[in-house]
1. List pairs: first in region 62-82 and modelled with pLDDT under 85 and among the small types (Gly, Ala, Ser), second open to solvent by less than 60 Å² (accessible area, probe 1.4 Å) and in a helix (DSSP H, G or I), Cβ under 8 Å, 6+ apart or cross-chain?
2. Conditions first: (1) loosely packed, with under 13 Cβ neighbours inside 10 Å; (2) within 18 Å of Ser16 (Cα to Cα); (3) at pLDDT below 85. Pro29 passes all but one, so which condition is the exception?
3. Report, by residue number, each residue of region 35-53 that is surrounded by 15 or more Cβ atoms within 10 Å (Cβ to Cβ) and under 21 Å from Val77 (Cα atoms).
4. If I ask for residues that are open to solvent by less than 90 Å² (accessible area, probe 1.4 Å), farther than 26 Å from Asn19 by Cβ and assigned to a helix (DSSP H, G or I), which ones from region 54-93 would you list?
5. Can you tell me which residue among Met48, Met6, Met38 is at pLDDT 85 or above and among the aliphatic types (A, V, I, L, M)?
Amino acid sequence: GAGLVMREFVFKAWNSVMNAKHNPLRHIPDENVRHLVMQVLAWMWCIMFSVYLGSIWVFGITAVAHLLIIAAIVITVSTFEVAKRKPDSFVKK
């Protein structure tokens, strides 16, 4: 149904940007370098948004907001994966 289509869209959109195994950074052979580049890009976006709004306070807020949003997405995707691979783990035995 529509929920499945939306979930698949979110998953693919997330991977196309945030997963270095799926985005163009996958061409960098060293996984540690890929991770470093992803970290630099994330911080760059926090800094640029802060510069745009003209406040160092915004940097702190956006850095925390990014961390919380990304954590929420990771938890959601992880929960979906556990539900798909080990659905019994949600049931008390």
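The values are calculated or read from the model by the stated rules, or taken from the named source; none is laboratory data. Just so it is clear, the model here is predicted, and its values are computed rather than measured. Glycine gets a Cβ as well: all are built from the backbone with ideal geometry, and neighbour counts include every protein chain shown. Side chains included, ligands, DNA and RNA excluded: accessible areas come from the protein's heavy atoms. Shrake-Rupley method; radii C 1.70, N 1.55, O 1.52, S 1.80 Å.
1. Filtered contacts from region 62-82: Ala63/Cys46.
2. (3) is the only condition that Pro29 fails.
3. Met38, Ala42, listed by residue number.
4. Answer for region 54-93, where residues must be open to solvent by less than 90 Å² (accessible area, probe 1.4 Å), farther than 26 Å from Asn19 by Cβ and assigned to a helix (DSSP H, G or I): Val58, Gly60.
5. Only one candidate passes the filter, namely Met6.
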